[in-house]
Amino acid sequence: MKINRLFIIIGVIILSFIGIVAYAKVTAPKEPESKGSSNVYGKLDSKVTLTEYVDFQCEACYAFYPTVKEIKEQYKDKVKFQIKHFPISNSHQYARMAAGYAESAALQGKFFEMHDKIFEGQKTWETSQKPNEYFDTYAKEIGLNMDKLKTDLSSPSVSATINADLAEVKRLGGEGTPTFALNGEKIKNPDNSVEAFSALLDEALEKTN
């Protein structure tokens, strides 16, 4: 009799636990749907789009930064440039935070200003225990509304946007940063030079003509 009662008690505990877990799953807030970021520059109706998936704490992305910046200026009247998020958090502990600041700045129309500030300061903030203090400084320097910035940083929609970019680059086959795509096709082993990107873009532009 005592054994039966023990089994009943254990059964009730297990069922209660299952009920709590099920309830938590039902009531847990769902992340909003997102089609990903939309941070574009240059000729927005161009038939040629160069997309870069970046990790702000990545050394290779830092190395490519001046090359891409020069290419953007040279081809801004011909090519649509797009920057998307690819923070690799397991190796870069502040990458996701940096992406959050950049995407929150995008909601105030200043993604590229924050993008440049974060990359140019990478060697300083990545060694800090409080990189957010540097990001806050950059935000003030480019004239962001700080109250809105703080709200957006914790917004589920910003997180969803970054996650959507991550899912997109995964479908593309991106394995490391930076990953580049030309008109939706992954560029394999791109050379970090203005000449190499110019050749790619010139060829793509010629095909559209």
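Throughout, read-outs are computed from the coordinates displayed, never taken from laboratory work. Small disclaimer: the values here were computed from a predicted structure and weren't measured. In this analysis, Cβ positions are derived from the backbone assuming ideal geometry, glycine residues included, and neighbour counts consider all displayed protein chains.
Each Lys and Arg adds +1 at its Cβ and each Asp and Glu adds -1 at its Cβ; summed about the Cα centre, the chain shows a dipole of about 1120 debye.
Taking every C-alpha pair closer than 8 Å and separated by at least 6 residues, the mean separation divided by the residue count of region 79-134 gives a relative contact order of 23 percent. With only Cα atoms counted, region 39-208 has Rg and Dmax values of 15.7, 49 Å.
Tell me, in nm to one decimal, what length is gained between residue 207 and residue 147 on full extension, where the rule is 0.36 nm per residue of separation less the Cα-Cα distance?
16.9 nm
Count the DSSP beta bridges whose two residues both fall in the chain, then state the antiparallel fraction as a percent rounded to the nearest 5. The antiparallel fraction comes to roughly 60 percent. Summing Lys, Arg as +1 and Asp, Glu as -1, what charge do residues with Cβ under 12 Å from the Cβ of residue 117 carry, residue 117 excluded? Local net charge: -3.
For the chain, which span is the longest to avoid every loop-located (per DSSP) member of trypsin sites (Lys or Arg not before Pro) having at most 12 other Cβ atoms inside 10 Å?
36-187
Each Cα pair under 8 Å and six or more residues apart adds its separation to the average, and for the chain the resulting relative contact order is 30 percent.
Relative to the present Cα-Cα distance, how much length would full extension add between residue 88 and residue 199 at 0.36 nm per residue of separation?
37.0 nm
Here the spin labels are modelled as points 7 Å beyond Cα on the Cα-Cβ line, and at residue 191 and residue 124 they lie 3.4 nm apart.
Scanning residues 5 or more positions from residue 83 or on other chains, those with amide H under 5 Å from its amide H are 39, 52, with H placed 1.01 Å from N in the peptide plane.
Length gained on full extension, residue 137 to residue 157, computed as 0.36 nm times the residue gap minus the Cα-Cα distance: 4.9 nm. Of the residues 56, 161, 106, the one whose Cα sits farthest toward the positive end of the charge dipole of the chain, with +1 on the Cβ of Lys and Arg and -1 on the Cβ of Asp and Glu, is 161.
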